[in-house]
Amino acid sequence: MIRATLAALMSHWWRHPLQLVSLAVGLALATGLWTGVQAINGQARDSYDRAARLLGQNRFATIEAADGQRFGQARYVALRRAGWQVSPVLEGAMRVGDLRLRILGVDPVTAPPDAVPRTVTGGGSLLPFITPPGVAFAAPQTVSALDAASGLPALRVAEGLLPGVLVVDIGIAQRLLSAPGAVSRLIVAPEQPVGRAPLADVAPGLVQRAPQARADISRLTDSFHLNLTAFGLLSFAVGLFIVHAAVGLAFEQRRTLFRTLRAIGVPLVGLIALLGAEIVVLALGAGLAGVALGYGIAAALLPDVAATLRGLYGASVPGTLDLSAGWWLGGLAVAVLGAAAASAQSLWRVWRMPLLAPAQPRAWARASARSMVAQSALAAGLAMAALALALWGQGLVAGFALLAAMLLGAALALPAVLSALLWGAERTATGALAQWFWADTRQQLPGLSLALMALLLALAANIGVGTMVASFRQTFTGWLDQRLASELYVTAASEAQAARLRTWLAPRTDAVLPIWSVEGPLAGAPGAVFGVADHRTYRDNWPMLRIQPGAWDRVAQGRAALINEQLMRRAGLVPGDMLRLPGGHALPVAGVYSDYGNPRGEAMIGVDLLTALYPQVPRLRYAIRVDPAQVAALARALVEDFGLPPDNVTDQARIKAMSLGIFEQTFTVTAALNVLTMGVAGFAMLMSLLTLSTMRLPQLAPVWALGLTRARLAWLELGRALMLAALTMVLALPVGLLLAWVLLAVVNVAAFGWRLPMHLFPADWARLAALALLAGGLAAAWPALRLLRTAPADLLKVFAHER
Amino acid sequence: MNVKALLPVLLLLAAPVLGQGFAGLGTEAQGFARPAPGTVLEFPADHGAHPAFRIEWWYLTANLVGPDGTDYGVQWTLFRSALAPETRSGWSSPQIWMGHAAVTTPTRHFVAERLARGGIGQAGVTAAPFAARIDDWRMAGPDLSALRLSASGPDFTYDLSLDTARPLVLNGTAGYSVKSAEGQASYYYSQPFYTVRGRLDLPQGPVPVTGRAWLDREWSSQPLAETQEGWDWISLHFDNGAKLMGFRLRQQGGETYGSGTWVGADGTVRTFGDGEMTMTPLRETRVAGRDIPVKWRVRLPAHGVDVTIEAVNDSAWMDTLFPYWEGPVRITGSHGGRGYLEMTGYD
Amino acid sequence: MLLEGRDIAKGYDSGGEHVQVFSGVSFSVASGEAVALTGESGSGKSTLLHLCAGLDRPDRGQVRLDGVPLGALRDASRARLRRTRIGLVFQQFNLIPSLPVAANLSFQARLAGREDTAWTGTLAERLGLTPLLRRYPEQLSGGQQQRVAIGRALAGRPGLILADEPTGNLDEATGDTVMDLLLGLVAETGAGLLMVTHSRRLADRLDRRLRLSGGALCR
């Protein structure tokens, strides 16, 4: 019986292959986009974890200087001699050619098991590792990138290390980083002897920090990944719309069959089980394709994601995928769950279907007004929720909840709004044909509404994200002009060279401005403090958002600090408040400057105060003011006469280009996902129109019989789709702008700590509207063409009663 | 391969360590100094480190008694391991230090281990005034006749005073101790006569203790032959005041090579060579997945010794980078007393 | 002659085999004449009716409406002919579900640009549809729907009414009422009527009877 029943149920799909394709493709797209995004996020998270594991930060407490700066190794020895089981780490950045390397110096002898990369093995011995020039372990790609570099330890490949990281002995690290006797922090072994002296007695000024469950970097990149997740979820939802529609149609068309089956004795439970099994089998097949698609998407996007994370956050993520079996299974599970969610309603209806009710198929497209009312009520509720979130919500999650409520609310409201518009058009239409056109469009709305909702979401997301990106680009470009006022930027290789450089530059330039900074905690999060010279360059150009009178004078005198917008928002500091610098020195805040593209909080203090508070601050980087006409000559002289490596001399234009490059990359992925979402919406539209077209004949045939040609009808069908796409676009515009506002004023502020002014770009909208019409037109072209080619005999079947 | 498995490699040269004798002690020692017969040991200079040699230790064991008569054992060891026969200051020093400390009670065995790089002041030994230390552990005094000994672990600390007026005992031939028929040897002297007073701090509370202690000093570059897998070593305090140090090195194929030193109650020292002392395992116990003989019959007919030694605590397993068994023993038979037993290379 | 068929043949392909429905069929319907088209199930009554409406083309022969051969016309011309000259009444009513009764009633007349509000009003009155004008087809009974369909067919005052089992889906009493209305109104407008029916009783009420049997027209 099961086989016979199954055969009867499945025969439907062979007779309606389009539905099968629609279901499979919808599910595959949904699964693919979702798993693709998950793969990207998972890969990045794995890298962060590896970064944290590399330093043992995720499992071991650490001891650091209260101001976050390096300290002398004598304090390490003092702690050891007091019984503290700690192991020193020296960390720092180094540039070799164009490569930025992270040097990680460890002591393999005292490091707790697993606190140091397992890979520092390679069968080599300790002696060459600790004897200059030492041995450095690095990821294979880093080793090959550094192939010809000189002045580095012997390189050994170690699998599992993050790209750009060199693991060396701490002694070797001290030499490479020109930091003799310096230690960044101590790893605290989990087992400590009893009766040891308190930390504060042995090493005043050092503080112990608990193991961090998450790497610092993941706090900074959270927003980025949340952004990706939101897009993945959006695409998933759109994909499920398609599945829901396809399943709903397939069930609706088989209602008669279900009744017949039950009438001849198939138990309801068995029928439901078979239908459920059918869904699961379809979901597994489509899910497999979807996971493969997801892999493709992730593999294609990951290099951009990796570049973004590196550029914006300095986080190292390999550009290649490395996925576990769990990810693949998870993708399949998502597909099955998604299909189950999309078909739950249909199964429920079968479950509730009375056996003896008339078996006449109710037109699926003729959705009751009641469901539209319910949808509108839900939309209104979501709109209220969005409003409440906008007024009272806090933080990133609330920001995204606001987005979700807004988008979903708008999507749910769409059918009702369109229906009202069409009704109005019908009322004002004069011709019989026009009246029929509007009335019939309205009639079709329920069948198309899911696709139109998908289109609305895609369009709104496009407008919103596009507006945000373009606003960002415009603001950012202007801001770069202000911020990068100096003509030339140079970096010395050592303190001694820096001193010579200052002397050499003095007679040749208008001003040599130090760019010196220390890293350390600001308001409880990683931050940096810069020293600023007293110079017109800053007073005239620095992009201040708020400033107190006389602020620059007070900064120069070491009596006040300026902070960036991120720090202002995160720490709730306003001018006049006191700011605690790393190490405890407190200064009043005299102004706030905008600092786009920087995830960290930052403060600027007078350069004299900086060197007084942090005597060890590296004094290597300088901004040079010089007559623009002489920039090229000076840059050449710096390399040829003074002897700086060419990589250490950068002109303003190049820095701007690099900054913009990083910026553009940040949104590459967003743009790609945007296009994919649009594609999914277009596909939804096509599938809906195709399925509708098969059900349209009974509605079209009488009109044809009453005196319209098929060509005329086909054009009307095409026009109907274009008109709906256009209407949806018009409605998407305010939703998209609202979305952009939320992204700029809520999400960006919560995620990055900066708020951008919103600019409008109508030309983009026009382009998008054209795209929407193209999508609608393309989606409608095929069904219209099919209608045009329908044989009269097929149309006549509608009237036939003797067959 | 984790760091634990890796560190032996790092610590003791690049050779495939574990296949070649316990803790790589049987490996070639290129470039390192070799013990030579006829060398006269000079004190206090030789109390200090000998960086030209590959391996060296300051090895102290104490048999102690609490107020209630309970037996305790205490171990304090500082190992020096040279990656190269030289000293350098700073992190590039090839001298690596390792400390082992243990307290054994009849029911518990507490172990701690320390590791340190030479050259940065974290560990080292000075000859005069004498001080050997790693991290917070110290064995120090004006000289070897009066020492303060302290160590700490996650669940114990101890602080002991050691005194003796007796002279050092040179093992082997004037301190040149042969370890195999092929001629592997070390410099080896001992101070077996310490009386001890001090305090143990254990999880159950502080315990005042008294007793006897034995210091061994040994340095070499290749103390074991390549075919030797481990050793059984004893240091016994007999109740009549006599002392016995003896060891047998186990070779592949079951052969052994033994040697030892007898110190009479009157202080007369007689060293003996292979074949004079026999050690016969009587009972094995399962410790850390290995079968370890914790009860032995020891015979030294030349001095009328025929005793049974048995572990105070069978589970005196040193779960350190190079694991071994080391613990106090009770002596019965022709002589009574207390002593220490060390067994390595049981895998 | 209002409607004329000459030597018409029609068949279709089914499963690779050609099935001849009928051939050599010739007939005519004059203005004001009501002709019944009868025959067994599958004899091709509806097919012949569709050929008369220009909805399909015969394999052979000609259908002429007002002397114009339909086969020679292009799609658009035939469509114009349909909306201006022909009124169709189907068994399944085939109203436009998205339009209310009033709009359905006047739909074809307005398409043809021949709307006559007074006449439409009269029709609604005569067909008893006046109280139902604002309803939608799905809210009507079968008899009511067929009355709307008859009204739609007549609203443009076409010369020819083609009806396919107009009462086939209705019970006898309702069917009789509907038939009375149809015949009465057709007679009133002076149009010709060709009506497919398998009911002898109904056929007897018309002026003349054509019978399709064995692929040919009898008598």
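The values are calculated or read from the model by the stated rules, or taken from the named source; none is laboratory data. These numbers were taken from a predicted model, which means no experiment stands behind them. Because the Cβ atoms are built from the backbone with ideal geometry, glycine has one as well, and the counts that use them run over all protein chains shown. When the accessible area is computed, the model is the full protein with side chains, heavy atoms only, and any ligands, DNA or RNA have been set aside. Shrake-Rupley method; radii C 1.70, N 1.55, O 1.52, S 1.80 Å.
Conditions: (1) open to solvent by 30 Å² or more (accessible area, probe 1.4 Å); (2) closer than 20 Å to residue C:206 by Cα. Residue C:75 meets all but one. Number of the miss?
Tallying (1) open to solvent by 30 Å² or more (accessible area, probe 1.4 Å); (2) closer than 20 Å to residue C:206 by Cα, residue C:75 fails exactly one: (2).
Checking residue C:32 against (1) under 25 Å from residue C:168 (Cα atoms); (2) within 14 Å of chain A (Cβ to nearest Cβ); (3) not β-branched (Val, Ile, Thr), only one condition comes out false. Which one?
Looking at each condition in turn, residue C:32 falls short on (2).
Assess whether residue A:630 counts as being more than 30 Å from residue A:233 (Cβ to Cβ) and either in a helix (DSSP H, G or I) or open to solvent by less than 30 Å² (accessible area, probe 1.4 Å) (or both). Quick ask: steps written out before the conclusion?
Numbers: more than 30 Å from residue A:233 (Cβ to Cβ): yes; either in a helix (DSSP H, G or I) or open to solvent by less than 30 Å² (accessible area, probe 1.4 Å) (or both): yes.
In short, yes.
So which of C:149, C:103 is open to solvent by less than 20 Å² (accessible area, probe 1.4 Å), closer than 18 Å to residue A:426 by Cβ and touching a helix residue (DSSP H, G or I) at 6+ places or on another chain (Cβ under 9 Å)? Before the answer, list the steps.
Working: C:149 fails: closer than 18 Å to residue A:426 by Cβ.
Unique residue meeting the criteria: C:103.
Kindly indicate whether residue A:48 is hydroxyl-bearing (Ser, Thr, Tyr), at pLDDT 75 or above and surrounded by 20 or more Cβ atoms within 10 Å (Cβ to Cβ). Talk me through it step by step, then tell me what you get.
Numbers: hydroxyl-bearing (Ser, Thr, Tyr): yes; at pLDDT 75 or above: no; surrounded by 20 or more Cβ atoms within 10 Å (Cβ to Cβ): yes.
So residue A:48 does not fit the description; no.
Given the residues C:43, C:23, which is the only one that is in a loop (DSSP other than H, G, I, E, B), in contact (Cβ under 8 Å) with a residue 12 or more places away in the chain and within 24 Å of residue C:211 (Cα to Cα)?
C:43
Just give me the residues in segment A:575-608 being under 25 Å from residue A:484 (Cα atoms) and either surrounded by fewer than 17 Cβ atoms within 10 Å (Cβ to Cβ) or within 22 Å of the chain's Cα centre (by Cα) (or both), in sequence order.
A:595, A:596, A:597, A:598, A:599, A:600, A:601, A:608
Would you confirm whether or not segment C:35-56 contains a residue that is more than 14 Å from chain A (Cβ to nearest Cβ) and modelled with pLDDT of 85 or more?
The answer is yes, given that some residue of segment C:35-56 is more than 14 Å from chain A (Cβ to nearest Cβ) and modelled with pLDDT of 85 or more.
Would you confirm whether any residue within segment B:292-302 is within 13 Å of residue B:335 (Cβ to Cβ), assigned to a strand (DSSP E or B), touching a His at 6+ places or on another chain (Cβ under 7 Å) and open to solvent by less than 30 Å² (accessible area, probe 1.4 Å)?
no
Residue by residue, here is whether (1) surrounded by fewer than 22 Cβ atoms within 10 Å (Cβ to Cβ); (2) farther than 23 Å from residue A:77 by Cα holds:
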{"residue": "B:75", "(1), (2)": "no, yes"}
{"residue": "B:80", "(1), (2)": "no, no"}
{"residue": "B:88", "(1), (2)": "yes, no"}
{"residue": "B:96", "(1), (2)": "no, no"}
{"residue": "B:101", "(1), (2)": "no, no"}
{"residue": "B:111", "(1), (2)": "yes, no"}
{"residue": "B:114", "(1), (2)": "no, no"}
{"residue": "B:118", "(1), (2)": "no, no"}
{"residue": "B:121", "(1), (2)": "yes, no"}
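Exactly one of these conditions fails for residue B:274: (1) farther than 30 Å from residue A:113 by Cβ; (2) of a type outside the set (Gly, Ala, Ser); (3) assigned to a strand (DSSP E or B). Give me its number.
(3)
All but one of (1) within 14 Å of another protein chain (Cβ to nearest Cβ); (2) within 18 Å of residue B:214 (Cβ to Cβ) hold for residue B:149; state the number of the condition that does not hold.
Here residue B:149 meets the rest and fails (1).
Please work out which residue is most open to solvent (accessible area, probe 1.4 Å), limiting yourself to segment C:57-70 and to residues that are touching a residue at least 40 places away in the same chain (Cβ under 8 Å) and on the phi < 0 side of the Ramachandran plot. Let's see the steps before the verdict.
Initially, segment C:57-70 is screened for residues touching a residue at least 40 places away in the same chain (Cβ under 8 Å), giving C:58-67.
Keeping just the survivors that are on the phi < 0 side of the Ramachandran plot gives C:58-60, C:62-65.
Numbers: C:58: 33, C:59: 87, C:60: 122, C:62: 71, C:63: 5, C:64: 59, C:65: 3 Å².
That would be C:60.
Residues in segment A:279-290: is at least one in a helix (DSSP H, G or I) and at pLDDT below 80? Break it down stepwise before answering.
Within segment A:279-290, the first condition is being in a helix (DSSP H, G or I), and the residues that meet it are A:279-290.
Still in the list and also at pLDDT below 80: none.
So far as segment A:279-290 goes, no, none of its residues is in a helix (DSSP H, G or I) and at pLDDT below 80.
Considering each of C:95, C:73, C:99 in turn, give the residue that is within 23 Å of residue A:797 (Cα to Cα), free of Cβ contacts under 8 Å to residues at least 60 places away in the same chain and within 7 Å of chain A (Cβ to nearest Cβ). Step through it out loud before you land on a result.
Working: C:95 fails: within 7 Å of chain A (Cβ to nearest Cβ); C:73 fails: within 7 Å of chain A (Cβ to nearest Cβ).
Exactly one residue qualifies, and that residue is C:99.
For segment C:105-112, indicate whether the set of residues that are more than 10 Å from chain A (Cβ to nearest Cβ), under 24 Å from residue A:790 (Cβ atoms), over 17 Å from the mean Cα position of the chain (by Cα) and not hydroxyl-bearing (Ser, Thr, Tyr) is non-empty.
We begin by selecting, within segment C:105-112, every residue more than 10 Å from chain A (Cβ to nearest Cβ); these are C:105.
Now narrow it down to the ones that are under 24 Å from residue A:790 (Cβ atoms): none.
So far as segment C:105-112 goes, no, none of its residues is more than 10 Å from chain A (Cβ to nearest Cβ), under 24 Å from residue A:790 (Cβ atoms), over 17 Å from the mean Cα position of the chain (by Cα) and not hydroxyl-bearing (Ser, Thr, Tyr).
Residues of segment A:180-199 being open to solvent by less than 70 Å² (accessible area, probe 1.4 Å) and within 44 Å of the chain's Cα centre (by Cα), which ones? Explain how you work it out, then say what you get.
Filtering segment A:180-199 for residues open to solvent by less than 70 Å² (accessible area, probe 1.4 Å) gives A:181-189, A:192-194, A:197, A:199.
Passing the criteria: A:181, A:182, A:183, A:184, A:185, A:186, A:187, A:188, A:189, A:192, A:199.
Looking only at segment C:5-20, count every residue that is open to solvent by less than 50 Å² (accessible area, probe 1.4 Å) and more than 11 Å from chain A (Cβ to nearest Cβ) and tell me the total. First the steps, then the outcome.
Going through segment C:5-20, the residues open to solvent by less than 50 Å² (accessible area, probe 1.4 Å) turn out to be C:5, C:8-11.
Filter once more, keeping what is more than 11 Å from chain A (Cβ to nearest Cβ): C:5, C:8-9, C:11.
The qualifying residues number 4.
Among all residue pairs at least 6 apart or on different chains, which show Cβ distances below 7 Å where the first residue, located in segment C:131-146, is farther than 15 Å from residue C:107 by Cβ and the second is surrounded by 18 or more Cβ atoms within 10 Å (Cβ to Cβ) and of a type in the set (S, T, N, Q)?
The qualifying pairs are C:132/C:144.
Just give me the residues in segment A:688-713 being closer than 24 Å to residue A:245 by Cβ, open to solvent by 10 Å² or more (accessible area, probe 1.4 Å) and not polar (S, T, N, Q), in sequence order.
Listed by number, the residues that qualify are A:689, A:695, A:697, A:698.
Give the residues of segment A:717-734 that are of a type in the set (S, T, N, Q) and open to solvent by 40 Å² or more (accessible area, probe 1.4 Å), sorted by residue number. Show your work before the answer.
If we filter segment A:717-734 for residues that are of a type in the set (S, T, N, Q), which is where we start, we get A:728.
Within segment A:717-734, no residue meets the criteria.
When the residues of segment A:782-803 are filtered to those that are more than 13 Å from every other protein chain (Cβ to nearest Cβ) and surrounded by 18 or more Cβ atoms within 10 Å (Cβ to Cβ), which remaining residue is farthest from residue A:730 (Cα to Cα)? Walk me through how you get there before you give the answer.
Pass one, segment A:782-803, residues more than 13 Å from every other protein chain (Cβ to nearest Cβ): A:782-787.
Pick out the ones that are also surrounded by 18 or more Cβ atoms within 10 Å (Cβ to Cβ) and you get A:783-784, A:787.
Values: A:783: 24, A:784: 24, A:787: 28 Å.
My answer is A:787.
Report the residue count in segment A:642-655 for those that are more than 38 Å from the chain's Cα centre (by Cα) and farther than 21 Å from residue A:96 by Cα.
We begin by selecting, within segment A:642-655, every residue more than 38 Å from the chain's Cα centre (by Cα); these are A:642-644.
After this cut, where a residue has to be farther than 21 Å from residue A:96 by Cα as well, the list is none.
Qualifying residue count for the region: 0.
Within 14 Å of chain B (Cβ to nearest Cβ), surrounded by fewer than 22 Cβ atoms within 10 Å (Cβ to Cβ), assigned to a loop (DSSP other than H, G, I, E, B) and modelled with pLDDT of 85 or more, is that true of residue A:108?
On the way: within 14 Å of chain B (Cβ to nearest Cβ): yes; surrounded by fewer than 22 Cβ atoms within 10 Å (Cβ to Cβ): no; assigned to a loop (DSSP other than H, G, I, E, B): yes; modelled with pLDDT of 85 or more: yes.
In short, no.
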